[in-house]
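Taking it in order: structure first as structure tokens, then the write-up.
Every read-out reported here was derived from the displayed coordinates using simple, explicitly stated rules and does not represent laboratory data. Note that the coordinates shown come from a computational prediction; the quantities given were computed from them, not determined experimentally. Cβ: placed from backbone, ideal geometry, glycine included. Neighbour counts: every protein chain shown.
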Amino acid sequence: MMYNWQQPDWPFFQFDTQEIEPLLQSYLHEAGKLEGMIGALSDADREQTVLELMIAEALKTSAIEGEFMSRADVASSIQNRLNPSANQPVADRRAIGVGELLVAARSTFREPLTETMLQEWHAALLAHETRLNLGRWRFHEEPMQVVSGTVGKETVHFEAPPSSQVPFEMKRFIAWFNNTAPGQAEAMTHAPVRAAVAHLYFESIHPFEDGNGRIGRAVAEKALAQTTGFAGLSSLSQTLERDKKSYYQQLETAQRSNNITAWVRHFVNVVLAGQQHAKATIEFTLRKARFFDRLQPELNPAQRKVILRMLDEGPDGFQGGMNATKYSRITGVSKATATRHLQDLVKVGAFSVEGAARATRYHLALEG
């Protein structure tokens, strides 16, 4: 079986965008709406929205790779990177790495891509992995393979170019990325198409020992942001993580040929779904601000703590709603006190309630 990089037309990808032209027009329309929405926010709301999107992306890009971290650690990591004086504790060193990657990618999205930039991202992302050659292209002689299955029954999904070819392939990739950026001689018209090609191209080279997926998604985000002028508004990993099985299948299929029309179509749909998630997050930020403006005088410290914990889940909501047991666990108050606090929150219009007795569940009553 030949992989894309083994074929004579590598890396000259072919694709037909005619059938997805309506999707590309939808992307442009939604990008304009997102730009208007983010521009209309106050400075504080804009910062909060971007922070929420970055936290969600950091959690989901890690979850795609099977790494699960606490939201609190990721939030603290990102806030420390954005504001070094924050000095918030972070227990999980992996959260520090992914926070470093996301903030670095966001703050440099307008700059050309460079070998140094990518290697610095790698060193920051995996600083906790002392066994790796951090900030360097892979150079081991054994094949770089993407595999699944138990030992002795592995399935090889993809084999990347030999390590000896990586420096040449990455020079060629970086040149392609920068030459196709907005304003350049070979600029690609459609940002989602460029992001699709960039992600596939990078993942096919697989230049690092580890972290290729997370860095490859950051590269795709950079491609999108260079066109829109706003970083972190695509919610790419949020969307990919929801159906990562399909993501991996589409990627594997695309790495068998350099005719990548199906992959581009799939990725453009992912980008569109990500736009909708970003839009929902902006709307959620505004509803949350109005919610607190309305109810702040009515809340005691325990109620405020619970509401903030529920709001941390973002526009998708708090799974299963709130009940007295959860409230007691979060705040440390007794179940009787928790029940009274919850009932008071219903009275002031902060919560809606469903069910009865042990099946009672409370949900935030955010205004539309």
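Table for the structure above
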| item | result |
| --- | --- |
| Prolate/oblate/rounded call for region 299-364, Cα gyration tensor, a/c under 1.5 rounded | rounded |
| Residues of region 231-262 with amide N under 19 Å of the 7 Å Cα→Cβ point at residue 18 | 259-262 |
| Amide H within-cut-off set for residue 158, under 5 Å, with H built and near neighbours excluded | 146 |
| Selected from 107, 257, 328 as most flexible by GNM, with the chain as the system and alpha-carbon contacts under 10 Å | 328 |
| Entries of 245/288; 33/245; 60/279; 305/347; 305/326; 245/326 with Cα pairs more than 21 Å apart | 245/288; 33/245; 245/326 |
| Residues whose placed amide H lies under 5 Å from that of residue 351, excluding near-sequence neighbours | 346, 365 |
| Per-selection metrics, region 200-340 (Cα): Rg and Dmax in Å | 20.8, 64 |
| Region 299-364 - percent relative contact order, Cα under 8 Å, separation 6 or more | 30 |
| Long-range amide H partners of residue 259 with built H, under 5 Å | 14 |
| [x] 22.6, 72; [y] 24.1, 80; [z] 20.7, 72, with the label sought being that of the calculated Rg and Dmax of the Cα atoms in Å | [x] |
| Between region 9-47 and region 290-368, the Cα center-to-center distance that results, in Å | 36 |
| Estimated vicinal HN-Hα couplings, Hz - region 134-141 in sequence order (Karplus 6.51, -1.76, 1.60; Gly, Pro = x) | 6, x, 9, 4, 5, 9, 6, 7 |
| Virtual spin-label span in nm between residue 139 and residue 296, 7 Å along Cα→Cβ | 5.7 |
| The chain - percent relative contact order, Cα under 8 Å, separation 6 or more | 19 |
| Between region 226-253 and region 155-210, the Cα center-to-center distance that results, in Å | 16 |
| Coordinate range along principal axes, alpha carbons of region 170-283, Å, largest first | 41, 35, 28 |
| Karplus-derived 3J(HN,Hα), 6.51/-1.76/1.60, for each residue of region 102-108, Hz, glycine and proline x | 4, 5, 4, 5, 5, 6, 10 |
